[in-house]
Structures are given as structure tokens and as C-alpha cells.
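Contents: one structure, followed by commentary.
A short reminder: the numbers here are calculations on the coordinates, not readings from a lab. Given the structure is predicted, the values throughout are model-derived calculations rather than measurements. Counting neighbours? That spans all protein chains shown, and the Cβs are built from the backbone with ideal geometry, glycine included.
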Amino acid sequence: MGGVLPVDDKRYWIGFTLVKGIGAVRFKRLLDYFGDAESAWGADAADLMEAGLSPKLTERFESVRDNVDLSQLWEQTLSQDIQVITWAEQSYPKRLMEIDQPPPVLYLRGSLLPEDTWAVAIVGTRRVTPYGRQVTEEIASYLASNGFTIISGLARGVDSIAHSAALKVGGRSLAVLGSGVDRIYPPENRALANQIMEQGALLSDYAPGTPPEASNFPPRNRIISGLSMAVVVIEAGKTSGALITAEFGAEQGREIFAVPGNILAPQSKGTNKLIQQGAQPLLSASDIMQALNIAQIGQHKAARKVLPADDLETQILKTMGEAPLHVDELRNQIGLPVETVSATLIMMELKGMVRQVGNMQYISVREVQSDYLVNDE
């Protein structure tokens with residue numbers, strides 16, 4: 001996988017997201033059988049059933065195919081500034097790609113950045129107590145201030161508080177919806193959704209126009225946990241959807257934290273049960289930092305910050321190696337005036353990207369070079 005799919009191919013991927021019953025497993029079977037989404041979209045009933053679709057699902061697919069104009073749907077999607085990311089593209093979130101059955105298509109409004117890899121999900125009850133509000137604000141603010149992206153579901157209560165707290169301190173936040181990214185729910189969170197799009201993104205694997213049906217929310221929770229390094233449950237009743245997110249997170253190998261609460265309070269029944277079952281009791285936001293080895297994350301982020309800022313820095317870094325290279329030789333290879341190359345090298349040295357080893361000879365810093373090459377693939 002990798003690269004960017006042509007527009008025509010993406011249209012067919014979108015088409016399959018409209019068919020209830022064709023998820024990650026069945027879609028992969030179709031791709032494996034037909035070779036690409038376009039061929040699968042145009043297949044006849046016999047071939048579709050040979051590829052593994054039941055007669056009923058084949059009939060449902062044909063009904064969708066006969067009643068949708070993919071070109072028109074694509075134009076409508078673009079006109080709403082909705083991005084479409086498939087699992088065949090490099091821009092697909094790497095952490096999400098690691099889970100079992102990642103969604104084939106993600107719809108996005110806003111922006112995903114490399115640093116969103118360092119993310120923590122904060123979820124909980126809609127009927128949050130003053131205690132839960134205070135804890136949510138403190139944890140989300142602390143984590144966002146330390147460079148973590150806060151992920152939640154834009155629901156009332158804990159979700160909305162977590163998003164807002166992250167944004168207030170200038171952090172990033174991602175909201176995963178149980179509807180199309182053009183259908184904000186609950187409606188009173190439209191202003192919050194707009195803020196999230198400015199400092200993060202709205203995400204969904206449901207096609208634009210999909211209403212916020214109750215059955216959509218439990219499955220979307222696997223995306224919330226899948227995008228995250230850890231899941232924090234602030235308050236949750238016995239049947240809270242936040243517990244589903246924690247369950248998905250545990251299956252995906254994520255760190256699970258739960259905030260202890262009053263054993264008599266309904267909002268703490270779920271979190272206390274999680275702790276009893278093995279979730280880490282969250283007594284301080286620093287507990288998360290320690291569990292996720294924040295020192296290592298800080299080093300990674302520092303390395304990313306010194307990646308090439310422009311084409312010339314990129315060219316210089318690619319030209320140089322661990323063996324010393326004289327500025328004149330570097331100038332000859334790049335074909336630019338020596339003063340331009342020298343000035344750029346000075347800036348790169350200040351940023352820790354290169355090091356002068358005497359007599360106008362430079363080498364690239366090993367850590368920067370390796371991190372650059374990894375992120376340049």
C-alpha cells in the first residue's frame with residue numbers, strides 16, 4: 001500500500017461505503033478477488049457471489065449501484081471540503097491501520113498532521129458530574145499542553161468537555177463521528193465542531209449524509225481507540241458507550257485508564273468496574289505520561305521538528321552522508337552559489353541537522369538523517 005489513488009478509483013471506494021453489510025473484511029475480499037475497486041463495482045451478480053457476497057447482500061449492492069451517481073457524489077463531497085482517505089494511501093493514519101479490520105475509507109474535514117500519531121482518547125458519560133467535568137478539563141488540558149492530540153466523539157458531556165479543554169490551551173483535537181462529517185450531532189456542538197476543524201479534524205467512516213443513527217455509534221468507537229495510544233474513561237455508567245471504547249482499546253493493545261469514583265455514584269459504576277477488571281486507575285495526568293514513555297515521544301517530536309524546512313535543506317540533507325563533505329563539493333553537487341549553500345548550512349547547524357567537523361566540512365547528524373529518511377518514504 002502507498003501513494004495516492006486516482007480520483008476515479010476513489011469514487012468506487014466511496015460507493016462501497018454506501019452498502020450496508022460491506023465492511024472491511026468483505027471489501028478486502030472483493031479487492032483480492034477482482035484486483036481493484038472499479039472492477040468489483042462493475043461485476044455481475046454471479047461473480048460477486050463467487051467473491052463471497054451472499055445473494056441478499058449482492059441484491060442490496062446492486063440496488064445501491066443502480067441508484068447512485070458516483071461522479072455526482074464525488075463532486076458533492078469535494079464541494080463540502082470533505083477529504084477522502086483510503087487505506088491504500090500513505091496519508092491514512094498509521095496507528096489506525098494497525099488495528100484489526102481498519103475502515104477502508106475515512107472521510108475528513110480539517111487536517112491530520114504527523115504529530116496526531118501521539119494521541120489520547122478521552123471518553124465518558126453524557127451525564128457528567130462536576131467532579132467528572134473538573135477531572136476531564138484538567139487531564140485534557142495537561143495532555144494537550146504537552147503535545148498530545150485529544151480524541152473523542154463530540155458527544156455531550158465528557159467528550160465535548162475534553163475537546164474544548166484541548167482547544168482552549170491551543171492543542172489539537174480529533175472528533176470521530178457516528179454520522180457523516182457533514183451531519184454534526186448533537187446540533188448544539190456545531191460551533192465546537194468548527195473549532196475542531198480549525199485545530200484538528202472531524203473524522204468518520206460513514207459516507208457524507210449519513211444520519212446519526214444509534215447503531216452507528218458503537219462501531220465508530222473502535223476508530224476512537226484505534227487512533228489513540230491510550231484510552232481514558234472519566235465517568236461511565238454500567239452500559240456507557242465509553243466502556244465499548246475501552247473494550248476496543250484493550251483488544252487493540254492500547255493502554256486503558258479509568259478515573260476512580262464514588263462507589264455509590266451511577267457515573268462511576270463503569271469506571272470502577274474497569275479498574276476491577278485491570279484498567280489502570282488514573283490518579284494524575286502524569287500517570288499517562290509515564291505509561292506512554294513521554295521522554296521517548298519527546299525525542300521523536302524533537303527529531304520531526306528539525307526535518308527539512310524547504311527544498312534546499314532537503315537537497316542538502318539527501319546529498320550529505322556520515323562522511324565529511326566540503327562546502328565546495330556540496331556546492332558543486334547542488335549547483336547553487338557557495339554563499340547560498342553556506343548560509344543554509346549555518347541554519348541547519350543551528351537546528352542540529354548537520355555538524356561542521358572542521359575546515360568547512362560538514363556531516364549530517366545520524367538521528368536526523370534516519371528520521372528524515374523514515375518519514376520521506
Checklist entry - If you place +1 on the Cβ of every Lys and Arg, -1 on the Cβ of every Asp and Glu, and leave all else neutral, what size is the dipole of the chain about its Cα centre, to the nearest 20 Debye? => result 1580
Next on the checklist: Given points 7 Å out from each Cα along the Cα-Cβ axis, report the Asp100 to Ser145 separation in nanometres with one decimal.
Outcome noted: 3.9
Item to check | Met49-Gln277 FRET efficiency (beta carbon distance; Förster radius 41 Å; 0.05 resolution) | outcome: 0.45
Next on the checklist: Using a 7 Å offset from the Cα along the Cα-to-Cβ direction at both Ser79 and Arg60, what is the distance between the two label points in nm, to one decimal?
Outcome noted: 2.9
Item to check | Mean residue ellipticity (222 nm) of the chain, computed from DSSP H runs ≥ 4 via -39,500 (n - 2.57), nearest 500 | outcome: -14500 deg cm²/dmol
Checklist outcome for this item: Here FRET efficiency (C-beta to C-beta, Thr319 to Ala24, R₀ 30 Å, nearest 0.05) is 0.10
Item to check | Gyration tensor verdict on segment 1-145 (Cα atoms; rounded if a/c is under 1.5, prolate if a/b is larger than b/c, oblate otherwise) | outcome: prolate
Checklist entry - Applying 1/(1 + (r/R0)^6) with R0 = 45 Å to the Cβ-Cβ distance of Arg156 and His326, what FRET efficiency is obtained, to the nearest 0.05? => result 0.10
Item to check | Leading residue at positive end of dipole, segment 111-294 (Cβ point charges), from Gly147, Ala119, Ile275 | outcome: Ile275
Next on the checklist: Using +1 at the C-beta of Lys and Arg and -1 at the C-beta of Asp and Glu, which of Thr58, Pro104, Ala265 has the Cα lying farthest in the positive direction of the dipole of the chain?
Outcome noted: Ala265
Checklist outcome for this item: Length gained, Leu264-Ser71, 0.36 nm per residue minus C-alpha separation, equals 63.9 nm
Checklist entry - Relative to the Cα centre, what is the charge dipole magnitude of segment 10-83, using +1 at the beta carbon of each Lys and Arg, -1 at the beta carbon of each Asp and Glu, and rounding to the nearest 20 debye? => result 340
Checklist entry - So, in nm, how far is label Tyr33 from label Ser286 when the simple model puts each one 7 Å beyond its Cα toward the Cβ? => result 5.7
Item to check | Links that overshoot a 30 Å alpha carbon limit, given the list Lys28/Lys56; Lys10/Lys94; Lys56/Lys273 | outcome: Lys56/Lys273
